[in-house]
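Just below is one structure, and these are the notes that go with it.
The values are calculated or read from the model by the stated rules, or taken from the named source; none is laboratory data. Worth saying up front: this structure is predicted, and the values here are computed from it rather than measured. Positions of Cβ are backbone-derived with ideal geometry, glycine not excepted, and every protein chain shown enters the neighbour counts. Only protein heavy atoms, including side chains, enter the accessible area calculation; ligands, DNA and RNA are left aside. Shrake-Rupley method; radii C 1.70, N 1.55, O 1.52, S 1.80 Å.
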Amino acid sequence: MATRTDPLTLEVVELIGTVVARYHEEYDRAAADHSLTGAQARVLGLLALEPTPMRKIAVKLKCEPSNVTGIVDRLETRGLVERRPDPVDRRVKVAAATEAGVRTARELRESLSFAREPLAELSDAERTVLRDLLRRMLGEA
């Protein structure tokens, strides 16, 4: 029977930790190739998906809104992000990726091969099982 401390559970937890650490190492390296910090790259990646209020970015990244403001300021200086009025509430400003920001986020995402290459070696059925198990672990299933 599985417990929190049985050897298989501990091994799986250790493997997940190793995968996460290697992903972050590669992500930070890819960000540096674009002269970005890891935090700047994560914010840019979020904004490339949709314009977002800075408070919401802070919640997603689990950091203080003032940190997000500084990151957005630096990305804006580089022409990768712009601030706009929220179309729903014009009192609120949202941050949005510019065309250059969307292109940079795409290039950064495409350069991450650590997880994609091993995943490509798995069958569709294996990737589906892995996806479903990860969703279940995250409470999304």
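The table for this structure:
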| read-out | value |
| --- | --- |
| Any hit, region 53-74, residues being acidic (Asp, Glu), modelled with pLDDT of 95 or more and open to solvent by 40 Å² or more (accessible area, probe 1.4 Å) | yes |
| Filter result (assigned to a loop (DSSP other than H, G, I, E, B), of a type in the set (A, V, I, L, M, F, W, C) and free of Cβ contacts under 8 Å to residues at least 60 places away in the same chain) within region 112-141 | LEU122, LEU138, ALA141 |
| Filtered residue count, region 75-101, keeping only those that are part of a helix (DSSP H, G or I) and open to solvent by 100 Å² or more (accessible area, probe 1.4 Å) | 2 |
| Top-ranked residue in region 112-141 [being farther than 22 Å from ARG22 by Cβ and surrounded by fewer than 11 Cβ atoms within 10 Å (Cβ to Cβ); ranked as modelled with the lowest pLDDT] | ALA141 |
| Which listed residue is modelled with pLDDT of 90 or more, within 26 Å of ILE16 (Cβ to Cβ), of a type in the set (A, V, I, L, M) and open to solvent by less than 60 Å² (accessible area, probe 1.4 Å), from ALA31, ALA48 | ALA31 |
| Given (1) open to solvent by less than 40 Å² (accessible area, probe 1.4 Å); (2) touching a helix residue (DSSP H, G or I) at 6+ places or on another chain (Cβ under 8 Å); (3) over 28 Å from ARG131 (Cβ atoms); (4) of a type in the set (Val, Ile, Thr), index of the condition THR37 fails | (1) |
| Contacts under 9 angstrom Cβ, first residue in region 20-44 being closer than 15 Å to GLY101 by Cβ and in contact (Cβ under 8 Å) with a residue 60 or more places away in the chain, partner of a type in the set (Phe, Trp, Tyr) and in a helix (DSSP H, G or I), 6 or more apart | ALA41/TYR27 |
| Unmet requirement for ARG109, which otherwise passes all of (1) under 20 Å from the mean Cα position of the chain (by Cα); (2) open to solvent by 100 Å² or more (accessible area, probe 1.4 Å); (3) without any contact (Cβ under 8 Å) to a residue 12 or more places away in the chain | (3) |
| Per-region count, region 87-108, residues among the small types (Gly, Ala, Ser) and under 15 Å from SER35 (Cα atoms) | 3 |
| Identity of the residue in region 89-105, out of contact with any Gly (no Cβ under 8 Å at 6 or more places or on another chain) and modelled with pLDDT of 95 or more, that ends up nearest to TYR23 (Cα to Cα) | THR104 |
